[in-house]
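Trainee: One structure, pasted below without further comment.
The values are calculated or read from the model by the stated rules, or taken from the named source; none is laboratory data. Bear in mind the structure is a predicted one, so any value in this text is a computation, not a measurement. Glycine also receives a Cβ, built like all others from the backbone with ideal geometry; neighbour counts cover every protein chain displayed.
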Amino acid sequence: LQLESELRLALTHGEFELFLQPQIDSASGMIIGAEALLRWRHPERGLRSPADFIEVLEESGLIIDVGDWVIGQACRMAASLLAAGLVRTDRFSLCINISPRQFHQSEFVERILAALEQTGLPAQMIKLEITEGMVIQNLDDTIAKMHRLRRHGVSFAMDDFGTGYSSLTYLKRLPVDLLKIDQSFVRDALDNGNDAEIIRAIVAMARSLGLQVIAEGVEQQGQLELLQLQGCQLYQGYLFSHPLPFTEFGELLRKQP
Ligand code: G
Ligand code: G
Ligand code: MN
Ligand code: NA
């Protein structure tokens, strides 16, 4: 309960921040997007990861208000990068993590559309990251909401792919554009043939369904080479960059050819 009230105060006191982690096309070396990652800049305890508090946000329902802030802030950031000429509408998208409770609220679609309208951001500049787990909670509602958002130009990524229910049946019915290979497979791929095979299978599946695929948690050059060999060209991870504060991310874009 104490953490819950601290989180409530953190929101009103403006202690949340969004960091951006670049996503790279290894063929061109260009930054093709970023994932927005929530951080809590605690006045005494410093920077805290949502790993420590996302569950409390979910269980308390606070995730609705924090999630609204995340969506608004992500759209403001993308709009500002666009206005500064650092990204192009057709070449960059910002990925926003959406939690199950947030997605299943009745006005979720309206909230996304309102944030786009308020910032004047083109819808194709955001990609919503959903997880397999939240899909099965209510498949029909999920699909209906996804289609409504897609009609406006919003796209979707399946986060942590391979760790959940990943059935082909779901995947065929879900209007996702991008599969994010979970970092657990990447972490051990060089030492564990099974993980390397799983990556190969996910890439093949993505290809046959016409989806894009990105690997997460790429830390070593060897992992990147293995991914390229398997046909996975897009990646994010510490090898290229940690999640960065907005200003530093902008500086990174400015240095791009
Ligand atoms: O960045 P980090 O590894 O600390 O994030 C930990 C977890 O928190 C990850 O599972 C990530 O998906 C989740 N997360 C990060 N930012 C957000 C956010 O803005 N909203 C939601 N719902 N989850 C987030
Ligand atoms: O659940 P989700 O995939 O959204 O969470 C991504 C998490 O992975 C974030 O918390 C982010 O900070 C973290 N992350 C990003 N790149 C790397 C990496 O190269 N290695 C590790 N171990 N974690 C990473
Ligand atoms: Mn994610
Ligand atoms: Na993930």
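Trainee: Quick one: how many residues across segment 20-52 are in contact with a helix residue (DSSP H, G or I) (Cβ under 8 Å, 6 or more places away or on another chain) and either over 20 Å from residue 100 (Cβ atoms) or more than 16 Å from ligand 3 (Cβ to nearest atom) (or both)?
Mentor: 8
Trainee: Now, a different point. Considering segment 194-219 alone, what residues qualify as being part of a loop (DSSP other than H, G, I, E, B) and either without any contact (Cβ under 8 Å) to a residue 24 or more places away in the chain or within 17 Å of residue 22 (Cβ to Cβ) (or both)?
Mentor: 210, 216, 217, 218, 219
Trainee: Still on this structure, I have one more. Would you pick out the residues in segment 88-111 that are in contact with a strand residue (DSSP E or B) (Cβ under 8 Å, 6 or more places away or on another chain) and either away from ligand 2 (no atom under 16 Å from the Cβ) or part of a strand (DSSP E or B) (or both)?
Mentor: Residues satisfying the conditions are 91, 92, 93, 94, 95, 96, 97.
Trainee: Of the residues 172, 145, 127, which is more than 15 Å from ligand 4 (Cβ to nearest atom), buried (at least 17 other Cβ atoms within 10 Å of the Cβ) and among the charged types (D, E, K, R)?
Mentor: Being more than 15 Å from ligand 4 (Cβ to nearest atom), buried (at least 17 other Cβ atoms within 10 Å of the Cβ) and among the charged types (D, E, K, R) holds for just one of 172, 145, 127, which is 145.
Trainee: Right, next: For segment 155-162, indicate whether the set of residues that are out of contact with any Pro (no Cβ under 7 Å at 6 or more places or on another chain), in a helix (DSSP H, G or I) and farther than 30 Å from residue 81 by Cβ is non-empty.
Mentor: Within segment 155-162, not a single residue is out of contact with any Pro (no Cβ under 7 Å at 6 or more places or on another chain), in a helix (DSSP H, G or I) and farther than 30 Å from residue 81 by Cβ.
Trainee: How many residues are at pLDDT 95 or above and either among the aromatic types (Phe, Trp, Tyr) or in contact with a strand residue (DSSP E or B) (Cβ under 8 Å, 6 or more places away or on another chain) (or both) when one looks only at segment 131-157?
Mentor: Summing the residues that are at pLDDT 95 or above and either among the aromatic types (Phe, Trp, Tyr) or in contact with a strand residue (DSSP E or B) (Cβ under 8 Å, 6 or more places away or on another chain) (or both) in segment 131-157 gives 7.
Trainee: If only one of 234, 239, 209 is over 16 Å from the mean Cα position of the chain (by Cα), of a type outside the set (Phe, Trp, Tyr) and under 30 Å from residue 47 (Cβ atoms), which one is it?
Mentor: Just one listed residue meets the conditions, 239.
Trainee: Show the residue pairs meeting these rules: Cβ distance below 9 Å; 6+ apart or different chains; first residue within segment 1-18 and closer than 13 Å to residue 62 by Cβ; second residue among the acidic types (Asp, Glu) and exposed (fewer than 15 other Cβ atoms within 10 Å of the Cβ).
Mentor: 3/52; 4/59
Trainee: Need the failing condition index for residue 140 against (1) of a type in the set (D, E, K, R); (2) in a helix (DSSP H, G or I); (3) touching a Leu at 6+ places or on another chain (Cβ under 7 Å), just the number.
Mentor: Of the numbered conditions (1) of a type in the set (D, E, K, R); (2) in a helix (DSSP H, G or I); (3) touching a Leu at 6+ places or on another chain (Cβ under 7 Å), the odd one out for residue 140 is (3).
Trainee: Restricting to segment 129-185, name every residue that is in contact (Cβ under 8 Å) with a residue 40 or more places away in the chain, away from ligand 2 (no atom under 11 Å from the Cβ) and polar (S, T, N, Q).
Mentor: Answer for segment 129-185, where residues must be in contact (Cβ under 8 Å) with a residue 40 or more places away in the chain, away from ligand 2 (no atom under 11 Å from the Cβ) and polar (S, T, N, Q): just 155.
Trainee: Would you confirm whether any residue within segment 235-244 is aromatic (Phe, Trp, Tyr), under 30 Å from residue 138 (Cβ atoms) and within 16 Å of ligand 3 (Cβ to nearest atom)?
Mentor: Taking every residue of segment 235-244 in turn, none turns out to be aromatic (Phe, Trp, Tyr), under 30 Å from residue 138 (Cβ atoms) and within 16 Å of ligand 3 (Cβ to nearest atom).
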